[in-house]
Amino acid sequence: MRKYVLRYAVLGYLVMLLAVPVFVIAYRTFAHGLSPVWDALSSHAAVNALELSLLITAIAVPINVIFGVATGWFLARRKMPLPWLVNAVINMPFAMSPVIIGLSVFVLYGRTGWIGTYLFAHNIPVLFTWKAMVIATVFVSLPFVVREVVPVLEEIGTEQEQAAQVLGASALQGFFRVTLPAIRWAVVYGTILTVARALGEYGAVNLVSSGFVGQGLTLPLYVDNRVNQLDPTAAYSAGLLLALLSLIILVGMTAFASRRRRQT
Amino acid sequence: MSIQVRNLSKSFGDFHALRNVSVDMESGQLTAVLGPSGGGKSTLLRIIAGLEEADRGTVLIDGSDVTNVAARNRGIGFVFQHYAAFTHMTVWDNVAFGLKVAKAPKGKIKARVGELLDLVHLSGLAPRYPAELSGGQRQRMALARALAVEPALLLLDEPFGALDVKVRQELREWLRRLHDEVNTTTIFVTHDQEEAMEISDQIIVINEGRVEQSGTPDTLYDRPVNDFVMGFLGPVTTLGGNLVRPHDIHVSRTAGSAGHPARIERLVSLGFETRLVADPGPGADPVTVQLTRNHIHELALEVGDQVYLSVSAHPARLLTALEG
């Protein structure tokens, strides 16, 4: 009896914490029917926010996947100089508030920053454009692929790579034909986590965004902006869209997680 | 393909895996590198393969120096102790791997892989994944994969070490037949002296990074150069301060000229043979003697009997146990 009480208490807590708020948003969104929602989502500002979010994600995720797999491989194969330092830098976004990461990009790429000075001198605008938002997003979603890939690489060991080598494979052939397929579920899982983080990022991009509605706002920033501008229908609609994207990612993650378990 | 190893040294930190090792392996032979674990035998094999770099020394394959040649260009087949199967590939794709990276024509790959799977009796399992195979099947697959590229030199690192006794026995006989059939030079590493004795033409005994002795199985068994080789190649016991094989001790009920008196402590029947443990008195280690069951019956030996032990006419080797 007692164990059931505990189980349902945990379940109830999760429902209260997660399901109820999402449901409330959905309920509020459709309180006045479908057409205001459609109008809100098809407005220029909302479409632009979705496009900007997707653009940033589409650039930041491949960068982090390629960098993450490469770094993970060097770390797992003990070929990385100063591994403790590299690990610390990669883990930083886990420990540090995204606002601080945004701030560091702001300082670095600002008019007087180390990189910013050069960029402004050559008339290349980065800060307050989508480029700075990509840089901030890359930084906050840096650890996910690396952290997924390293333990799997350590587990499979080097024997398969060596076997490929003696069979005549070059280092690149060995990597693409043997190593990468062996870690593919870890890469997929890490990629999904990276996408989720990139889409949902708020704090870091907020600091480097121009803040202009219909131009410089990602979906999360747009939701925040609409709440502040007392435009509840637009806020709820965009919020629900964001939640929906997350739900798709969540379902994908669960599906891949069970597949990965079956394989090993 | 002959191999000459010259003055090879290799350390891992403070650990000296190989100390100035020089050995020769003749073309077409099946050579066993035998020794206790941690003795350096796997390191030697991996350096020959190019998977490990020596600190000093050279490796010559067919007279040409390959010390600085990459593993993938040495034309060797390598079989790992834990199979190193490509887990995401089917048996067929595993075996085809070497041919695919060499960009062999499709028709040739198909014919060669089919031929090899027949050779290792895995034709029916071609579409399976390694996880669906038994240990013995996985190792046969690994062997077929290594042979696919037609290596002139086949290296096996404790190939049967992870398998159970019965499968190990089967596979070792099968490896010998395979070696004769495909006509390569084969080197395999093992810590199992029986395995080495049974199938190899030549044995190289390595201990603590040094070559203790090399030669045919008979040479090593009958004329070991030191206590270590003698002890590693077969059972030994001490009699009157000498290291001897238990089957080289003669048991008598009467005191001969060189008979050591002893009292029978235990008789253990091992089927055809019986092991006799005798106590030569205070201050001496018990002596183990290997006798046929018939011999025990002839002498009507019982526990507690007084017997006289001497080394039989042609001892394998005598060494004073104190020497080394």
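The values are calculated or read from the model by the stated rules, or taken from the named source; none is laboratory data. In this text the structure is predicted, and so the values were computed from the model without any measurement. Neighbour counts run over all protein chains shown; Cβ positions are idealised from the backbone, glycine included. With ligands, DNA and RNA removed, areas are computed over all heavy atoms of the protein, side chains included. Shrake-Rupley method; radii C 1.70, N 1.55, O 1.52, S 1.80 Å.
A few remarks follow.
- Most to least accessible of B:K100, B:K110, B:K10 (protein chains only, probe 1.4 Å): B:K110, B:K100, B:K10
- Among A:L11, A:G33, B:T58 the positive-end extreme of the charge dipole of the protein assembly as shown (Cβ point charges): A:G33
- Three-way shape label, the range B:129-197, alpha-carbon gyration tensor, a/c 1.5: oblate
- Computed [θ] at 222 nm, deg cm²/dmol, chain B (DSSP H ≥ 4; -39,500 (n - 2.57); rounded to nearest 500): -8500 deg cm²/dmol
- Kirkwood Rh and Cα Rg combined as Rg/Rh, the protein assembly as shown: 1.17
- Look at the Cα gyration tensor of the range B:235-320: its axes a ≥ b ≥ c give a/c under 1.5, and that counts as rounded.
- GNM flexibility winner over chain A from A:S170, A:S209, A:S42 (Cα, springs under 10 Å): A:S170
- Distance (nanometres) between label positions extended 7 Å along Cα→Cβ at A:W114 and B:H250: 8.9 nm
- For chain A, built as a Gaussian network whose Cα springs stay under 10 Å, the top-fluctuating residue of A:A234, A:A40, A:A171: A:A171
- Estimated distance in nm for a label pair at A:N123 and B:D14, the labels positioned 7 Å out from Cα along Cα-to-Cβ: 6.6 nm
- Cβ-derived FRET efficiency at R0 45 Å, A:A70 paired with A:F212, nearest 0.05: 0.80
- Inter-label distance, A:L14 to A:L250: 1.0 nm, where each label sits 7 Å from its Cα along the C-beta direction.
- Build a GNM of chain B with springs between Cα atoms under 10 Å apart, and of B:Q306, B:Q137, B:Q202 the one that fluctuates most is B:Q306.
- Cβ charges +1 (Lys, Arg) and -1 (Asp, Glu), total dipole of the range B:3-228, debye: 1100 debye
- About its Cα centre, the protein assembly as shown has a charge dipole of approximately 2380 debye under the convention of +1 per Lys or Arg Cβ and -1 per Asp or Glu Cβ, with nothing else charged.
- Difference of contour (0.36 nm per residue) and Cα-Cα distance, B:E198 to B:D24: 60.6 nm
- Shown is the FRET efficiency for A:V227 and A:V24, computed with R0 = 22 Å from the Cβ-Cβ distance and rounded to the nearest 0.05: 0.95.
- Along chain A, longest interval not containing exposed trypsin sites (Lys or Arg not before Pro), exposed being DSSP loop plus at most 10 other Cβ atoms within 10 Å: A:112-264
- Relative contact order of chain B, taken over Cα pairs closer than 8 Å and 6 or more residues apart, is 18 percent.
- Per residue convex hull volume, Cα atoms of chain B, in Å³: 164 Å³
- Reachable lysines from B:K108, criterion Cα separation under 22 angstrom, eight or more residues apart if same chain: B:K100
- Per-selection Rg to Rh, chain A - Cα, Kirkwood hydrodynamic radius: 1.04
- Positions from the range A:160-178 whose accessible area shrinks by 20 Å² or more when the full protein complex is built, not the chain alone, probe 1.4 Å: A:Q160, A:Q162, A:A163, A:Q165, A:V166, A:L167, A:G168, A:A169, A:S170, A:Q173, A:R177, A:V178
- Since only B:G40, B:G136, B:Q29 are under comparison, the one whose Cα sits farthest along the positive direction of the charge dipole of the range B:3-228, derived from C-beta charges on Lys, Arg, Asp and Glu, is B:G136.
- The percentage of C-alpha pairs in the range B:12-161 whose separation is greater than 23 Å is 42%.
- Estimated from the Cβ-Cβ distance and a Förster radius of 25 angstrom, the FRET efficiency linking B:H82 and B:S123 is about 0.55.
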